[in-house]
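Undergrad: Dropping the structure in here first, questions after.
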Amino acid sequence: MHRLNFHTAILKAFGLFRKVDAQKTVSKGIVIFGGALNSDPDGANAEQAYRFSKEHFTEAQARKWLTDNKVEFDTFEPAIEENSQKGVSYRTIGGELRVDGEGEDGKKIVGHAAVFNQLSLPMYGFREQVLPGAFKKTIKESDIRALWNHNPNNVLGRNTAGTLELSEDDTGLAVRITPPDTQWAKDLSESIRRGDVSQMSFGFRTIKDSFHTEEGMITRNLEEVQLFDVSPVTYPAYPTTDVSVRALAFAASQAGETRDSKLFKAMLKLNAGEELRDDELVALKDFASTLQKKLTPSAPTEGHAGNTKPAGESRHLSINRLKLDLIKITEETT
């Protein structure tokens, strides 16, 4: 996961840890993150990643430091540029939406784009929650838009123009939009009033996060984010219903892939809506291609009475569904 202010050398996947947090400051601008491994019954700490402050290290300097200090790492993720859209993710975590007001100021679109301390539905390998304070800095400093379905061609408001008001309250990220006097915005307001559109999501980039294990599942805490937009949406902008990714994950586990492998990491990023590196995309496509070649449906098993489906037929349908999912995921990421 590329971060705005840090170059990151990842030694082990965070999914291998019960909880990951800052362990030690090596020198100015270098922090080691780590924690207890799930596989270690004694709970001894292990290093998960090295983070290099962009303020003190260029990418080349960070790589040189790792080489000079003989630190072996699995993946290196350079810090992203301030004005880059790279690494922007979209989430729907709680939230609600309504149309308010009929006075001189006209109708307002109000609600919450995110709710604090509410766990998302399970993504591949983890759940997420937004912590209070995550938006506090960005709503003061960032140029943020309100869009319709995250489409930059449909701007509902903008904080720098005074047509989008953002604040943190006890519930979460409160939103108040003054929509433009255009037909499409009026149509949207009517759809919200009717209840046809009732959810919001937000586009963000992670600045600071942490992880812990709760009830056997990893939870990612979004502690600080850079907010790009808030948006009424027709469908929740959460990747939890991505059947093709779940199918890939299951097939990979059956093939002996571990959570620490490049393939699993690529699936995790894909399901989180994050940008894939070229080598991760290649790993996904190669795996999809391999499965498409090797998996062949079995003939239906005969001799089953009643309405119960034969085992062979069930497997036949399952494998063909998996193939369709693999083709879909390959096409969508090209």
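Undergrad: Which whole-number percent of Cα pairs in the range 105-171 have a distance greater than 16 Å?
TA: Considering the range 105-171, 59 percent of its Cα-Cα pairs are separated by more than 16 Å.
Undergrad: For the range 169-222 and the range 37-57, what is the separation of their C-alpha centers, rounded to whole Å?
TA: Centre-to-centre (Cα) distance: 32 Å.
Undergrad: Given charges of +1 on the Cβ of Lys and Arg and -1 on the Cβ of Asp and Glu, with all other atoms neutral, how large is the dipole of the range 6-77 about its Cα centre, in debye to the nearest 20?
TA: Dipole size: approximately 180 debye.
Undergrad: With labels modelled as points extended 7 Å from the Cα through the Cβ direction, what inter-label distance (nm, one decimal) is found for SER191 paired with LEU119?
TA: Distance between the two pseudo-spin positions: 3.2 nm.
Undergrad: I would also like to ask the following. For the range 89-239, give the magnitude of the charge dipole about the Cα centre (Cβ charges: +1 Lys/Arg, -1 Asp/Glu; no others), in debye to the nearest 20. Numbers along the way, then the final one.
TA: Numbers: 17 positive and 22 negative charges, 60 e Å.
Result for the range 89-239 is approximately 280 debye, rounded to the nearest 20.
Undergrad: Still on this structure: Give me, ordered by chain and number, the residues 5 or more places off ARG158 or on other chains with an amide H under 5 Å from its own placed amide H.
TA: Correct list: ALA146, THR163, LEU164.
Undergrad: Taking amide H positions as placed 1.01 Å from N in the peptide plane, with prolines and chain starts having none, which residues 5 or more places from ALA114, or on another chain, fall under 5 Å of its amide H?
TA: Counting only residues 5 or more places away or on other chains, the set is LEU173.
Undergrad: Oh, and also: Filter LYS54/LYS140; LYS19/LYS136; LYS24/LYS285 down to the pairs with a C-alpha to C-alpha distance above 30 Å, please.
TA: LYS24/LYS285
Undergrad: Next question, about the same structure. Debye sum, Cα scatterers, the range 6-77, no solvent: what log₁₀ I/I(0) at q = 0.20, 0.24, 0.28 1/Å?
TA: The calculated log intensity ratios at q = 0.20, 0.24, 0.28 Å⁻¹ are -0.79, -1.05, -1.29.
Undergrad: Using modelled backbone amide H atoms (1.01 Å from N, in-plane), which distant-in-sequence or interchain residues come within less than 5 Å of GLN48's amide H?
TA: PHE33, GLY34, GLY35
Bear in mind these aren't lab numbers, they're just calculated from the coordinates by the rules spelled out. In this text the structure is predicted, and so the values were computed from the model without any measurement. Reconstructed Cβ throughout: ideal geometry from the backbone, glycine too, with neighbour counts over all protein chains shown.
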